[in-house]
Amino acid sequence: MGEQVQDRQSFVPGDQAFQDDLRRRHRRAKRWQVFFFASLVVGLLALLALFANVADEAFGTIAIASKYSEAEVLAALSEARGVTVEGPLEALENDDLAQVLALYIPRRVPVIVRDELSRVKPEDFTRVPLREALAGATLPPDIADLTISQLSLEQQTAILSANLTHDVLYARVLNDVIGLDILKSWTLSRTLFDYAGIEAEFQALVAAQDPPNPQLKPHSWLNSTFVTGTQSSYPELAGIRTAILGTLWIMALTMLIAFPLGVGAAIYLEEYAHSGNWLERLIETNIRNLAGVPSIIYGLLGLAIFVRALAPISSGALFGFNEANGRTIFSAAMTMALLILPVIIIAAQEAIRAVPQSIRDASYGLGATQWQTIWYQVLPAALPGILTGTILSMSRAIGETAPLIVIGASAVIFVDPSGPFSKFTALPIQIWQWTARPQEEFRNLAAAAIIVLLALLLVLNSAAIILRQRVSNRLRG
Amino acid sequence: MQNQATLQKREIIATALNRQAARGERSALHQRTRLWERVIRYLLLMCGVVSIFTTIGIVVVLGSEALLFFTPPTWIDSFKTLQEPITATATELAISGAGTPLEAGEIIRMVNEEMRVVSVDAAAGTITVERAINGTVAAPLTAGVDILRADSVTLGEFLTSTQWMPQLGSFGVLPLLNATLMISAVAMLVAIPLGLSAAIYLSEYASPKARAVLKPVLELLAGVPTVVFGYFALTFVTPLLRSLFGIDVVEIYNTASAGIVVGIMIIPTVASISEDALRAVPQSLREASYGLGATRLETVTRVVVPAALSGIVASFILGVSRAIGETMIVSIAAGAGPKFTFNLFAGAETMTGHIVRISSGDISYNSIDYNSLFAIGLLLFVITLALNILSRAVTARFREVYQ
């Protein structure tokens, strides 16, 4: 365009002032173009900084101390067994891990049995026979009528080895024997560009605190223990399995509720509502307004209705579950469903609107009823669009935190959810809780959890893009 | 929506079919189909009605719980006792004790009798009261009786008081509202220039190819969960601000950091809607402007932007509405504890942040704390709803129609 204007210079009076003015105007145009572009770049840089920051915190270097080194423990175990036991600790069998516990902390073994397996009150545990105290656990029949204090250490150890999972035993060994303690953590950027500085800090730390077996090692906070482990107050053992399962449960239930409702409403509004009566206009306007309501308001709605008013249903008491209150997956899913319903409806409406009218006319021409037309013609044609919109609304719901906190999902939960009436935690809640803690290690954990959450979102969005691609291919072909 | 002609056509066909059916015998199959059609239609209508129930639910829940918040009275200890015994008719009472002084007009309660304070003589330690109000019965009282004061939150106090201290019975929403507005202002200061400029670049300057790449990348920002933005604010922007302005100046939790990140979060909202509005301006207007010798900048600022103004303004209003309702960023980065301050580098709790903090703790139902959440929620709902309606009204009212 600039050239066009310059071409016209010959048509206007060519005095000096005019030329100067023209040059000034063009310079100004250029400057602003740079500014416009820079604004866009700032937005993109913010996104980049966000990702870089998360990656920076999720990986790095840690300084750890432990009461015993792994080699020491393995040597002691080899000596007790009379054969050389090969490391690493994590690869050991259950009975080896239990043996380590018996070797190093013999007096804590019954306590571990109680903490992990007891079915009775703590004060009764040493008094009642094991048959009752450890109901449901695998026990040799000859010891079932004894109490825990009548057993030998070997027998107690055998109970641990037979009834605990490898993960729990390994976590116990790390925690109670090795006593792993993270002294300090450094970010990825410092690890890459200032490792000498980290080493100096580490030496100073060791000199000042004199921790046992200090060790400096690279660490990825995102690892298999993290993804598959449960919540723990020790950052090095904390995992997000419970949170991931909670999120998946909520999402599945939310979709089960919101998808049929949303698509149904969209069909009604697009296919049936054309007389423009007050109810239909009200529904339309109402949906647009609901889409703009802050999510925290839905949280308050869920708290008052699903958690409190419908407590007998949402706690599952009506169906024979005895959850103490209505702060369950069910309440969360209902709340989330209401939250994303407007989004699904609007997306589905657009998809249905995009189906050419000729398809409907042809179907009517063949004698189909209106519902037959919708079910056999309109919906199949609109389905990819509807699914795309639904997936995108799902990716919004996955990241929603505020409504879940308001309906009361902020408790620390150690147990995997087992159904719609379980208490739960969810990924974004976990991130929020860790971010709110002052210790640096929990920030690292939050970053690792953010990576998992973003990966989940990426999967969902890729699915949506692939779907959209297939639709446009089909329309073209 | 189908166009009118098609509808008419369909109606004509339907009438013809009906007539045909009326002439012949109606088969059982036909009737069943018609019934089924009608059942489905009403089922689908019910799906749509759910959204209306949601709105009704929101209004009723927020309204009724907030009403409980504003309904007097709850009796709280005034930390004062009656100093001398009184008869059933005495109106001048000697009182003793610490605590906030009583004020004229206040309702107090001793045993079962309610009284209205007419005047207070602080020097003499006496008060004059009107006995036996609100249908209670006057009775003689002995010395040492505890004086309870009515603690009710009036709408006036809620909207004008600058103190939010539930433990002292003062519930003024201004500190929370002020923090919300401050953060929204900072956010708009970030989002309006950046978002609008990005929209102008994408719509007016970028080649179709560049646009096809840049726009989805920018929209990625809109897909990032807000809790992640909160993390970003606390672990990246706050340290950045502290290193720029000094650790003593900038507190760990501050409204500036939260505001900037909320602004970044709404850039895509502003950019995307503004860009749609800009692109809807017909090419002929731009060409006419170039034809008059305008530069591209002059075309943008004097022709395209004014023509798309309604959409652009609507995007700003929608952005403000999102900033006001934003929760996780402010609850993570802006700090806890309501504080009435205009200092951007100090922490202050917003309305949404307060709701999150209180509801994440142990909260008992029907307490004044619980009810206060709904009063705040109602205010939040009213503000955002008004903004959303305004945004649509702006679009509808000032839309320029080009044919």
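The values are calculated or read from the model by the stated rules, or taken from the named source; none is laboratory data. Since this is a predicted model, take the numbers as computed values, not measurements. Glycine also receives a Cβ, built like all others from the backbone with ideal geometry; neighbour counts cover every protein chain displayed. For accessibility, only protein heavy atoms count, side chains too; no ligands or nucleic acids. Shrake-Rupley method; radii C 1.70, N 1.55, O 1.52, S 1.80 Å.
Among the residues of the stretch B:234-247, which ones are in contact with a Phe, Trp or Tyr (Cβ under 8 Å, 6 or more places away or on another chain) and open to solvent by 30 Å² or more (accessible area, probe 1.4 Å)? The one that is in contact with a Phe, Trp or Tyr (Cβ under 8 Å, 6 or more places away or on another chain) and open to solvent by 30 Å² or more (accessible area, probe 1.4 Å): B:Phe245.
Here B:Leu241 meets each of (1) within 29 Å of A:Arg396 (Cα to Cα); (2) more than 13 Å from chain A (Cβ to nearest Cβ); (3) over 23 Å from the mean Cα position of the chain (by Cα) with one exception, condition (1). Taking the conditions (1) within 30 Å of B:Val382 (Cα to Cα); (2) open to solvent by 70 Å² or more (accessible area, probe 1.4 Å); (3) of a type outside the set (S, T, N, Q); (4) touching a Lys or Arg at 6+ places or on another chain (Cβ under 8 Å) in turn, B:Glu130 satisfies each one other than (1). In the stretch B:181-206, the residue that is farthest from the other protein chains (Cβ to nearest Cβ) out of those that are in contact (Cβ under 8 Å) with a residue 60 or more places away in the chain and of a type in the set (S, T, N, Q) is B:Ser184. Any chance the stretch B:175-182 includes a residue that's in contact with a strand residue (DSSP E or B) (Cβ under 7 Å, 6 or more places away or on another chain), surrounded by fewer than 24 Cβ atoms within 10 Å (Cβ to Cβ) and assigned to a helix (DSSP H, G or I)? Yes, the stretch B:175-182 contains at least one residue that is in contact with a strand residue (DSSP E or B) (Cβ under 7 Å, 6 or more places away or on another chain), surrounded by fewer than 24 Cβ atoms within 10 Å (Cβ to Cβ) and assigned to a helix (DSSP H, G or I).
Can you name every one of the helices (runs of 4 or more DSSP H) wholly within the stretch A:354-471 that holds 2 or more residues which are of a type in the set (A, V, I, L, M)? So that I can check it myself, show each step before the final result.
Working: elements: A:357-365, A:370-373, A:379-399, A:402-406, A:427-436.
Of the helices (runs of 4 or more DSSP H) lying wholly inside the stretch A:354-471, those with at least 2 residues that are of a type in the set (A, V, I, L, M) span A:357-365, A:379-399, A:402-406, A:427-436.
For the stretch A:426-472, taking the residues that are of a type in the set (Ser, Thr, Tyr) and surrounded by fewer than 18 Cβ atoms within 10 Å (Cβ to Cβ), the one that is nearest to A:Phe51 (Cα to Cα) is identified as A:Ser462.
With the structure loaded, tell me whether B:Pro338 is under 27 Å from A:Gln430 (Cα atoms), in contact with a helix residue (DSSP H, G or I) (Cβ under 9 Å, 6 or more places away or on another chain) and either assigned by TED's automatic domain parsing to the domain that holds B:Arg242 or open to solvent by 10 Å² or more (accessible area, probe 1.4 Å) (or both) or whether it fails that test. The answer is yes for B:Pro338. Cβ-Cβ distances below 8 Å connect the following pairs, each with a first residue in the stretch A:72-95 that is open to solvent by 80 Å² or more (accessible area, probe 1.4 Å), a second residue that is charged (D, E, K, R), and a separation of six or more residues or different chains: A:Arg81/A:Asp96. Inclusion of B:Phe236 among residues that are aromatic (Phe, Trp, Tyr) and free of Cβ contacts under 8 Å to residues at least 40 places away in the same chain is warranted. Every listed requirement among (1) closer than 30 Å to B:Ser360 by Cβ; (2) at the interface with another protein chain (Cβ under 9 Å from one of its Cβ atoms); (3) hydrophobic (A, V, I, L, M, F, W, C) is met by B:Leu297 save one, (1). Being open to solvent by less than 10 Å² (accessible area, probe 1.4 Å), of a type in the set (Val, Ile, Thr) and either within 14 Å of chain B (Cβ to nearest Cβ) or in a helix (DSSP H, G or I) (or both) holds for only one residue in A:Ile244, A:Ile297, and it is A:Ile297. Contact map, the stretch B:36-59: residues that are of a type in the set (Asp, Glu) paired with residues that are in a helix (DSSP H, G or I), Cβ distance under 6 Å, separation 6+ or inter-chain. Pairs shown: B:Glu37/A:Trp371.
Taken across the stretch B:248-255, residues that are surrounded by fewer than 22 Cβ atoms within 10 Å (Cβ to Cβ) and either in a helix (DSSP H, G or I) or within 10 Å of another protein chain (Cβ to nearest Cβ) (or both) do occur, with at least one present. Residues in the stretch A:420-452 that are within 11 Å of chain B (Cβ to nearest Cβ) and closer than 26 Å to A:Ala348 by Cβ: A:Ala426, A:Pro428.
Mind telling me which of the residues B:Ala123, B:Ala90 ends up being open to solvent by less than 30 Å² (accessible area, probe 1.4 Å) and more than 14 Å from chain A (Cβ to nearest Cβ)? Unique residue meeting the criteria: B:Ala90.
Report the residue count in the stretch B:367-403 for those that are facing chain A (nearest Cβ under 10 Å) and not β-branched (Val, Ile, Thr).
Residues that pass the stated criteria total 12.
If the condition is being touching a Lys or Arg at 6+ places or on another chain (Cβ under 8 Å) and of a type in the set (A, V, I, L, M), then the stretch A:393-414 contributes A:Ile407, A:Ala409, A:Ala411, A:Ile413. What's the number of the only condition in (1) farther than 28 Å from B:His354 by Cβ; (2) open to solvent by 20 Å² or more (accessible area, probe 1.4 Å); (3) in a loop (DSSP other than H, G, I, E, B) that B:Pro193 fails to meet? The one condition B:Pro193 does not meet is (3). When the criteria are applied in full, B:Ala185 fails the requirement of being outside any loop (DSSP other than H, G, I, E, B) and open to solvent by less than 30 Å² (accessible area, probe 1.4 Å). Tell me which residues, restricted to the stretch A:193-231, are part of a helix (DSSP H, G or I) and closer than 20 Å to A:Ile450 by Cβ. Once the filter is applied, which keeps residues that are part of a helix (DSSP H, G or I) and closer than 20 Å to A:Ile450 by Cβ, the stretch A:193-231 yields A:Ser224, A:Thr225, A:Phe226, A:Val227, A:Thr228.
Between A:Val113, A:Val120, A:Val109, A:Val100, the distinction of being among the aliphatic types (A, V, I, L, M) and in a loop (DSSP other than H, G, I, E, B) belongs to A:Val120 only.
Of B:Gly263, B:Gly259, all but one fail to be more than 10 Å from chain A (Cβ to nearest Cβ), open to solvent by less than 20 Å² (accessible area, probe 1.4 Å) and on the phi < 0 side of the Ramachandran plot; the exception is B:Gly259. Of the residues making up the stretch B:348-392, those that are under 16 Å from the mean Cα position of the chain (by Cα), polar (S, T, N, Q) and in a loop (DSSP other than H, G, I, E, B) number 1. Selection of the stretch B:207-233 for residues being at the interface with chain A (Cβ under 8 Å from one of its Cβ atoms), open to solvent by less than 10 Å² (accessible area, probe 1.4 Å) and aliphatic (A, V, I, L, M) yields B:Leu218, B:Leu221, B:Val227, B:Val228. A single entry from B:Ala294, B:Ala333, B:Ala308, B:Ala348 fulfils the requirement of being surrounded by 24 or more Cβ atoms within 10 Å (Cβ to Cβ), within 30 Å of A:Arg27 (Cα to Cα) and in the same structural domain as B:Ser274 (by TED's automatic domain parsing): B:Ala308. Select from the stretch A:398-407 the residues that are farther than 13 Å from B:Met328 by Cβ and surrounded by 23 or more Cβ atoms within 10 Å (Cβ to Cβ) and list them in ascending order. Correct list: A:Ile407 only. Take the conditions surrounded by fewer than 22 Cβ atoms within 10 Å (Cβ to Cβ), under 30 Å from B:Leu221 (Cα atoms) and not hydroxyl-bearing (Ser, Thr, Tyr) and apply them to A:Val343. Does it pass? Taking the combined requirement at face value, the residue satisfies it.
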